[in-house]
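Derivation of every value follows stated rules applied to the coordinates shown; laboratory data play no part. Since this is a predicted model, take the numbers as computed values, not measurements. Don't worry about glycine lacking a Cβ; one is built from the backbone with ideal geometry, like all the others, and counts go over all protein chains shown.
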Amino acid sequence: MLPETVSCPTLRVRAEKRSSVAENLLLTNIGQLVTMRGLVPRRGRSLADPGLVRDAAVLVEDGRVAAVGARRKIERMREALRARKMDLGGRVMLPGLVDSHTHLVFAASRVEEYEMRIAGASYEEIARAGGGIRASVRKLRAMPEPALERLALGRLAQFAAHGTTTVEAKSGYGLDLASELKILRVQRSLARKQPLEIISTFLGAHVVPPEYANRQREYVELLTRRMIPAAARDALAEFCDVFCDRGAFSVEEARRILTAGRACGLYPRLHAEQLARTGAARLAVELRAASADHLDQVTRGDIELLAKSSVVCTLLPGASLHLGVPFAPGRALVDAGAIIALATDFNPGTSPTLSLPMAMSLACDGMRLRPAEAIAAATVNAAYSLRRHDRIGTIEVGKQADLAAFDVADYREIPYYFGVHLAWLTIKRGKILYAREPKQI
Ligand SMILES: [Zn+2]
């Protein structure tokens, strides 16, 4: 799959046709409805409780869940008789998936680095040779806004085709004021003109751009004094993120940048402990960040500290798989009582996948998460990390009708059939974005 060249016209045409009419829906004959109702956020034992309703139905009115429960009860409701009926044929329905860590807007894949890495070059060696994030920066700076927007639009159709209804998106391939704002404007424009919800994060502190080589301190000044205030000014971003790692920004620099972000109203998130153990996870706890992401290199002490905090530990197994490195200790984090989320980290360098079901498979097979835990991490807890848990992430009366059905009879089969496209129906605020013809495995 090459999301930047394949725009998936069939999916998009169908999505537009079906989503043009807002109507009340009765989704019935749902074999297993995974509601994820209950405590938010989920941690410890509650993480494995899917809030399952068998032989269920969901009534959708005005884009919200109006009723949910046993099929016989819901079907008898007066409002249900007037709604358009959709028979799910015994399939499984989940809350619409929430991808809480992506780098959505970029100009081109980095497929040329793929074979270099397979041949043995490390991520950091590729970066030193002019590849990596800096290669993406060169291409993004040269590409005009409409072209970037077209590419991202095709990718969003693919997200919807995999069951995702909400996408967090980071800037970070611009690394100068004009280019970072260009990315954030593309994200805002996309949020307005297509149905998936997009939540923007400013990641000007991704790496130091080449024109600031050996002048890292000046780049941090530029970030805190000009770029962050500019991103916040027009409400172009809601969160501020830093790649706090070897070869990027130190813990002290991250503290300064995230503190400046918070002063402008941008809530902190952090790329932490991916390539090297730097102390970034501890900084996330100190700053009460919304999330600490990656965590491949956390120590036992870090895990215990995170587990006592309200920081969401966002696991990104796609990046570990693609880089050929061990997975983060997801099981240990869950057992210690940490709040975990699961995301794709969709980006052209280290995780070119936009499939959250695939991330669930990797989390189950590679980190020993249980299927219900992986689903909770990609729905309710991901919504919590984006501060949207009052509206999305569970299927409950009054919440947005963000729903994803899969062509399986048991929810555990979603991660079990790894790499198999099983998304069958995706609904955002009551509108059908994606529907696939019935197909049994
Ligand atoms: Zn990332």
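Calculated from DSSP H runs of 4 or more alone, at -39500 (n - 2.57) each and per residue, what is the 222 nm mean residue ellipticity of the chain, nearest 500? Before the final figure, lay out the partial values.
On the way: 19 runs with 163 residues, N = 441.
Rounded to the nearest 500, it is -10000 deg cm²/dmol.
Given the pairs 85/428; 182/399; 170/431; 139/428; 308/428, which are separated by over 28 angstrom at their Cα positions? Don't skip to the end; give the middle numbers.
On the way: 85/428 17 Å; 182/399 32 Å; 170/431 26 Å; 139/428 32 Å; 308/428 34 Å.
From 85/428; 182/399; 170/431; 139/428; 308/428, over 28 Å: 182/399; 139/428; 308/428.
For residue 81 and residue 259, what is the calculated FRET efficiency with R₀ set at 41 Å and r taken between the beta-carbons, to the nearest 0.05? Don't skip to the answer; put the middle values down first.
Values: r = 56 Å, r/R0 = 1.37.
Efficiency at R0 = 41 Å is approximately 0.15.
To the nearest 20 debye, what charge dipole does segment 108-169 have about its Cα centre, counting +1 at the Cβ of each Lys and Arg and -1 at the Cβ of each Asp and Glu? Could the numbers behind the result be given before it?
Values: 9 positive and 8 negative charges, 35 e Å.
The dipole magnitude comes to about 160 debye.
Kindly state, to the nearest 0.05, the FRET efficiency for residue 300 paired with residue 390, given R0 = 45 Å and r defined as their beta-carbon distance.
Numbers: r = 34 Å, r/R0 = 0.76.
Computed FRET efficiency for residue 300 and residue 390 comes out at 0.85.
Amide H to amide H under 5 Å from residue 314: which residues, 5+ apart in sequence or cross-chain, H placed 1.01 Å off N in plane?
292, 293, 294, 341
Specify which residue in the list 171, 430, 161 is farthest towards the positive end of the charge dipole of the chain, using unit charges on the beta carbon of Lys, Arg (+1) and Asp, Glu (-1), about the Cα centre.
430
Tell me, what does the Kirkwood hydrodynamic radius of segment 159-223 come to in angstroms if you use every pair of distinct C-alpha atoms? Display every interim value, and only then the final one.
On the way: mean 1/r = 0.0765 Å⁻¹.
One decimal place: 13.1 Å for the Kirkwood radius.
Which three extents, in angstrom, do the Cα atoms of segment 98-385 have along their principal axes, listed largest first?
44, 41, 40
Subtracting the Cα-Cα distance from 0.36 nm times the residue separation, let me have the gained length for residue 67 to residue 216 in nm, one decimal. Spell out each step's value before the answer.
Values: separation 149, 0.36 × 149 = 53.64 nm, distance 5.46 nm.
Contour length minus the Cα-Cα distance gives 48.2 nm.
On a C-alpha basis, how far is the centre of segment 297-358 from the centre of segment 118-169 in Å? Whole number, if you could?
20 Å
Quick check: convex hull over the Cα atoms of segment 302-441, volume per residue in Å³, rounded to an integer? Display every interim value, and only then the final one.
Details: hull volume 17.2 nm³, N = 140.
About 123 Å³ per residue, rounded to a whole number.
Evaluate the distance, in nm, between pseudo-label points positioned 7 Å from the Cα of residue 115 and of residue 437 along their respective Cα→Cβ axes.
Distance between label points: 3.7 nm.
Note down the magnitude of the dipole of the chain about its Cα centre, charges +1 on Lys and Arg C-beta and -1 on Asp and Glu C-beta and zero elsewhere, to the nearest 20 debye.
Values: 62 positive and 48 negative charges, 241 e Å.
It comes to approximately 1160 debye.
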